[in-house]
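**Q** To start, I am sharing the structure in question, which I have written as structure tokens.
The values are calculated or read from the model by the stated rules, or taken from the named source; none is laboratory data. Treat the numbers as computed from the prediction; the structure is a model and nothing was measured. Here the Cβ positions follow ideal geometry from the backbone for every residue, glycine too, while neighbour counts run over all protein chains shown. Each accessible area value is taken on the protein alone, full model and side chains, heavy atoms only, with ligands, DNA and RNA left out. Shrake-Rupley method; radii C 1.70, N 1.55, O 1.52, S 1.80 Å.
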Amino acid sequence: MYKLLLCWRYLKTRYLALACIISVMLGVATLIVVNSVMNGFSKKLQTLLHNVVSDVAIEAHSPNGFYAPLDKIAMIRKDPYLNERIEAMAVTLDSFAMLQFYHRGSQETVTRPVRVMGIEMKSRSAVGGFKNYLQLQSADAEPTFVVPSDIKAKFAAVDKEWHDFHQFQFEQEIQRLRRLEEQEKKGDLVAPPPQRLDFEAGISPEMREFFSKLRKDRPAPPLAPPPAPAPFKAREPIGAIVGHLVANFKTRDEDNNVTDRAAMRHGDGIRLTTITIGQNMTPVYDDFVAIDFFKSGMSEYDANCIFIPLDQLQRLREMDNRATNILVKLKNQSEADDIVKAMAILFKGEPLIVNTWQEKQGPLLRAIEIEKNILNILLFMIVGVAGFGILAIFSMIVSEKTRDIGILKALGASSAGVMQIFLSYGLLLGIVGSLFGTILGVTITLNINTIELAIAAITGQRIFDGSVYYFTEIPTELQPMAIVYMNLGAVGIAVVFSIIPAFRAAMLHPVQALRYD
Amino acid sequence: MHGTTPLLTAINLRKTYVKYANRIEVLRGLDIDVAEGEFLSVIGNSGSGKSTMLHLLGTLDTPDDGCIHLEGRRIDNLPARDRDALRNRTFGFIFQFYHLLPEMNVLENVLAPAMITHSVWSWWRNKKELRKHAAEMLDKVGLGHRLTHQPRELSGGEMQRAAIARALINRPRVLLADEPTGNLDLANGHHIMKLLRDLNQFENLTIVMVTHNLDLVHETDRMVRIIDGRMDGQELSQPPALAAAV
């Protein structure tokens with residue numbers, strides 16, 4: 001009983017202990033805040049990646065894809081084990097292409113490589129959170145590639161204008177020809193003198209005569225009319241969803257803030273040039289209309305991807321009934337590994353690879369995890385430093401309390417009992433420090449965006465620039481078990497570092513301790 | 001009155017302190033018997049080994065040679081755990097400088113030995129009873145009104161009385177007092193002596209008191225002198241109180 005009472009009193013009366021508590025508190029709070037922010041970023045990234053790539057992906061070994069993707073889906077659906085665990089599947093075709101569009105800012109045509117993804121909108125929306133990242137259609141029940149009627153009308157008007165211009169040119173040419181025919185009939189048409197050819201210089205007069213006769217004998221070419229333009233029929237423009245960073249460029253404004261400047265707007269026309277498959281790769285191109293923009297927050301996708309209808313890409317690349325991926329959404333994500341194994345058996349021998357989304361993004365996720373672990377180790381050293389503080393302060397307290405230790409031993413306290421006083425004291429400091437550290441850390445984490453704004457208001461410098469990260473707020477995620485482990489670690493360190501002073505106290509000879517000044 | 005069989009016996013006690021090259025032979029074969037219920041005073045010059053003897057008798061320290069018996073049972077070579085228990089329940093200590101724990105109030109200081117005796121569970125079960133007992137002890141030494149005061153708020157005499165109450169809380173068999181009045185004025189010294197005399201007479205408490213003050217020895221049953229780490233062979237005087245009683 002005396003151990004508890006004394007360590008509680010030591011905690012209340014020794015202000016040096018406050019330094020230990022504060023150091024443990026700051027260590028734990030820092031660990032919680034940094035860990036929560038790292039978790040938040042990691043979780044956000046994982047969510048983004050997961051939504052973009054689906055739970056499981058079946059990919060072709062070759063960029064030429066695989067044949068009959070719908071048959072493969074039917075095969076999967078025929079398997080009762082897989083069928084009851086799969087919620088939705090989507091066929092996609094990935095390809096590289098060159099994009100050309102008219103840059104509104106520089107007023108010139110921009111050409112850049114992009115990754116074109118042919119998707120079937122309905123099935124793709126059912127797999128993952130693709131729909132949520134569409135800037136214009138995210139609220140729609142079913143996003144489409146259909147070009148809005150006003151844009152269609154605009155394109156039709158432009159087409160009509162071109163058609164009318166060609167028609168006009170055609171008619172002008174016809175009229176010119178008619179005039180020539182009439183002049184010829186009247187004999188007004190004076191044939192131009194035969195031109196002397198350069199190669200005739202220096203040749204013999206016989207040969208010159210021969211060429212001259214040849215020219216006179218050749219009949220004049222008939223006055224053929226140019227081909228008539230086809231009757232006007234407005235083109236059906238094809239919609240495309242363009243990555244946010246393909247359509248926008250990052251610039252800095254007068255205040256040095258990074259902002260997006262639109263290079264392409266809704267309804268602008270784009271041209272995609274790709275190649276057909278096979279040995280004789282032929283460049284092919286088609287025109288599309290930017291009907292929406294894709295902003296996932298993943299620059300890898302936002303800065304490179306353009307989504308177009310699957311059938312259009314198949315047609316363009318002459319890849320009828322071929323695809324490169326089947327994206328699979330599961331009813332229960334935790335079964336992903338088992339599903340992958342089952343699919344690998346199902347498609348054994350075929351040039352396909354089946355991966356979970358984590359495996360597909362493995363290096364990136366592992367890098368984040370490693371970064372988080374290293375950061376945790378480094379931050380835990382802060383608590384380690386607090387441990388050395390505890391060691392120093394406890395040693396001072398033991399010296400200060402030497403006589404009291406002698407009194408306790410004279411009253412019958414055992415060495416183990418004395419040791420327990422200081423170990424309990426260390427434990428109590430660790431618990432109190434960790435408790436306050438947890439409260440502080442959780443409070444900061446929950447209000448980190450408000451705090452960030454307050455600091456920005458004071459310093460005039462944003463710590464977290466949303467335009468750089470694509471998050472409007474700093475993402476955080478508090479993991480209760482991680483907080484428990486951090487607390488246990490901090491308390492453990494406090495106890496471990498109090499062992500040496502506690503042992504020293506326990507080993508004090510009672511008589512020497514009583515005589516200590 | 002004290003009985004004839006010794007309660008506490010020390011035979012040929014030797015104790016030497018060594019620091020670097022210096023050897024200080026404090027006790028050189030000291031013998032002493034303390035009878036049950038006896039109030040024994042020990043006098044001697046500074047450095048003669050009085051306090052060392054008291055520490056050895058109270059198992060605060062172990063002799064280099066010789067032995068100590070309590071009711072015929074050797075106690076100097078007991079394991080540390082048993083010696084701790086003896087100090088907690090059989091011996092009570094009073095020091096010249098009171099040695100109250102500054103983190104505890106008067107009542108808690110008195111309860112400290114009881115806290116050491118009891119586990120947390122046992123303490124909470126008997127807390128009320130123990131507190132009542134401690135309050136009674138303090139009342140007996142005249143500090144019933146100072147229960148919640150901190151040691152620093154007490155006078156020297158009050159602190160020593162609190163120390164006496166603390167020494168008595170576990171109802172010890174022997175009270176070992178190391179110059180209990182050495183730091184007090186005359187009036188307070190007499191007050192403390194009267195308190196010890198009463199405890200000895202009315203509660204049959206065996207007391208071994210080390211003192212410099214020859215005036216006080218007349219209030220004890222018997223006085224022995226230590227000279228150079230040995231007991232002076234002769235009892236200097238028959239205590240007056242004892243003589244009167246005989």
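**Q** Applying 1/(1 + (r/R0)^6) with R0 = 35 Å to the Cβ-Cβ distance of residue A:255 and residue A:370, what FRET efficiency is obtained, to the nearest 0.05?
**A** 0.45
**Q** Taking the Kirkwood radius as the inverse of the mean 1/r across Cα pairs, report the Rg/Rh of the protein assembly as shown.
**A** Radius of gyration over Kirkwood radius for the protein assembly as shown works out to 1.39.
**Q** Give a quick list of trypsin sites (Lys or Arg not before Pro) in the range A:269-377 that DSSP marks as loop, anything other than H, G, I, E or B, with at most 10 other Cβ atoms within 10 Å.
**A** A:348
**Q** Identify the trypsin sites (Lys or Arg not before Pro) of the range A:414-517 meeting these criteria: DSSP loop state and at most 16 other C-beta atoms within 10 Å of the C-beta.
**A** A:462, A:515
**Q** Tell me, what is the 1.4 Å probe accessible area of residue A:73, in Å² to the nearest 10?
**A** 30 Å²
**Q** Suppose only helical runs count, i.e. DSSP H with n ≥ 4. What mean residue ellipticity at 222 nm does that imply for chain A under -39500 (n - 2.57) per run, divided by all residues and rounded to the nearest 500 deg cm²/dmol?
**A** Here the helix-only value at 222 nm equals -17500 deg cm²/dmol.
**Q** Set the Förster distance to 22 Å, then compute FRET efficiency between residue A:318 and residue A:102 from the Cβ-Cβ distance, nearest 0.05.
**A** 0.20
**Q** Accessible surface of residue A:427 in the full protein assembly, 1.4 angstrom probe, to the nearest 10 Å²?
**A** 70 Å²
**Q** Taking 0.36 nm per residue of separation and subtracting the Cα-Cα distance, what length does fully extending residue A:481 through residue A:149 add?
**A** 114.1 nm
**Q** Of A:263, A:230, A:277, which is farthest along the charge dipole of the range A:222-295 in the positive direction, counting Lys and Arg as +1 and Asp and Glu as -1 at C-beta?
**A** Checking the options against the dipole of the range A:222-295, the answer is A:230.
**Q** Rank these residues by their accessible area, most exposed first, probe 1.4 Å: A:473, A:335, A:181, A:254.
**A** Details: A:473 110, A:335 50, A:181 80, A:254 180 Å².
Ranked list, largest accessible area first: A:254, A:473, A:181, A:335.
**Q** Ok, one more. Name the lysines eligible as straight-distance cross-link partners of residue B:19: C-alpha to C-alpha under 21 Å, and not fewer than 8 places from it in the same chain.
**A** Hits, sequence-local ones excluded: B:50.
**Q** Moving on. Sorted by accessible area (1.4 Å probe), largest first, how do A:446, A:378, A:45 line up?
**A** A:446, A:378, A:45
**Q** I've got another one for you. Residues of A:399-411, mean number of Cβ from any other protein chain within 10 Å of their own Cβ, rounded to a whole number?
**A** 5
**Q** Now, a different point. Which of the lysines could be linked to residue A:72 by a straight reach, that is with a Cα gap under 29 Å, when you skip same-chain ones fewer than 8 residues away?
**A** A:122, A:131, A:329, A:331, A:341, A:348, A:360
**Q** How many nm is it between the label spots at residue A:167 and residue A:135, if each spot is 7 Å from the Cα in line with the beta carbon?
**A** 3.7 nm
**Q** How would you rank A:57-65, B:205-213, highest first, on the average number of other Cβ atoms within 10 Å across their residues?
**A** Going from most to least packed, we get B:205-213, A:57-65.
**Q** Within straight cross-link reach of residue A:12, meaning Cα distance under 25 Å, which lysines are found once same-chain residues fewer than 8 apart are removed?
**A** Cα-Cα hits under 25 Å: A:3, A:401, A:409, B:127, B:128.
**Q** Based on the alpha carbon coordinates of chain B, what radius of gyration and maximum Cα-Cα distance (Dmax) apply, in Å?
**A** Taking only Cα atoms of chain B, I get Rg and Dmax of 17.9, 54 Å.
**Q** At 1.4 Å probe size, put B:46, A:299, A:123 in order of accessible surface, largest to smallest.
**A** B:46, A:299, A:123
**Q** Let me ask you something else. Taking a probe of 1.4 Å and counting only protein heavy atoms, give the total accessible area buried between chains B and A in Å², rounded to the nearest 100.
**A** Summing both sides, the interface buries roughly 2300 Å².
**Q** Taking the solvent-accessible surface of protein heavy atoms with a 1.4 Å probe, what is the per residue accessible area of the protein assembly as shown in Å²?
**A** 51 Å²
**Q** As a test question: what accessible area, to the nearest 10 Å², does residue A:158 have when a 1.4 Å probe is rolled over all protein chains in place?
**A** 70 Å²
**Q** Work out, step by step, the length gained on full extension between residue B:81 and residue B:190: first 0.36 nm times the residue separation, then minus their alpha carbon distance; give nm to one decimal. Numbers along the way, then the final one.
**A** Values: separation 109, 0.36 × 109 = 39.24 nm, distance 3.66 nm.
Stretched fully, the residue B:81-residue B:190 segment lengthens by 35.6 nm.
**Q** Let me know the charge dipole size of the protein assembly as shown about its Cα centre in debye, to the nearest 20, where only the beta-carbon of Lys, Arg (+1) and Asp, Glu (-1) is charged.
**A** That gives the protein assembly as shown a dipole magnitude of about 760 debye.
**Q** Multiplying the sequence separation of residue B:74 and residue B:139 by 0.36 nm and subtracting their Cα-Cα distance, what value in nm do you get?
**A** Once the chain is fully extended between residue B:74 and residue B:139, it gains 19.8 nm.
**Q** Turning to a different aspect of this structure: Given a Förster radius of 60 Å and the C-beta distance between residue A:512 and residue A:452 as r, what FRET efficiency does 1/(1 + (r/R0)^6) yield to the nearest 0.05? List each step's numbers first, then the result.
**A** Values: r = 57 Å, r/R0 = 0.95.
So the FRET efficiency works out to roughly 0.60.
**Q** I'd like the mean, over residues of A:167-180, of how many other protein chain beta carbons sit within 10 Å of each residue's own Cβ.
**A** Numbers: counts 0, 0, 0, 0, 0, 0, 0, 0, 0, 0, 0, 0, 0, 0.
Taking the mean over all residues of the peptide, I get 0.
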